[in-house]
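Notes follow once the structure below has been shown.
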Amino acid sequence: MTRQWPHAPVHWQFEPGIYMVTASTYRRLPHLKPPARKDFFLETLFATAEEFGWELYAWAVLHEHYHFIARSPEDATTLRRFIAKLHAVTARTFNREDGTSGRKVWFQYWDTHLTYQRSYLARLRYVHLNPVKHGLAKDPLQYPWCSAQWFEASAPAAFVRVVNTLKVDKVKVFEPV
């Protein structure tokens, strides 16, 4: 008997804590390119996170993928339902707008339980720099679909300085290709 390697990432969220989530659109199509779609996606992300008890710490929404970092509720296994609802609501809306009922919009998502402080801090910086990395902004503070501006305005100044000094060139984050 030959076993097939699983085609989707394994999700191991058993413990409460801080998680980084990355998801991409199917075939990397730029479903999120229009500003109004990014606005709608963020509104839906915020509402769905609140509904499932996830506290968002950072986010970046690009044309064909997104990242977020959030603290789970006591039951971290709710992440699967959280992402399922986020993707279902946004896919239905995008498909209705495009007149393409039933089209597959989202591909997969990847999650990482961040258990080391330095890893968490580096990934905060990574998420904030993601629009710059992908050429969508020269400064993350000027990119409205990223939490960098909110982070700088609401986090303690000393914490912001620490995060902003971290190098992220060696941070290993799954970027869907």
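What follows draws every value from the coordinates through simple rules; no lab data is involved. Here the structure is a predicted model, which is why all the values come from computation and not from measurement. Methodologically, a virtual Cβ is constructed for each residue, glycine included, from the backbone with ideal geometry; neighbour enumeration extends over all protein chains shown.
Once both labels are positioned 7 Å from their Cα atoms along Cα-to-Cβ, the gap between THR115 and SER101 label points is 4.7 nm.
Distance between the 7 Å Cα→Cβ label points at GLN108 and TYR26: 1.6 nm. Each of LEU62, LEU124 has some number of other Cβ atoms within 10 Å of its Cβ, and from fewest to most they run LEU62, LEU124.
Net charge dipole, the chain: roughly 640 debye, given to the nearest 20, about the Cα centre with Cβ charges of +1 for Lys and Arg and -1 for Asp and Glu. Region 71-93 and region 102-177 have Cα centres lying 20 Å from one another.
When ARG28, ARG123 are sorted by how many other C-beta atoms sit within 10 angstrom of their C-beta, beginning with the fewest, the order is ARG28, ARG123. Here the spin labels are modelled as points 7 Å beyond Cα on the Cα-Cβ line, and at ASN164 and PHE46 they lie 2.3 nm apart. Along each principal axis, taking the top coordinate minus the bottom one, the Cα set of region 18-165 gives 48, 38, 23 Å in descending order.
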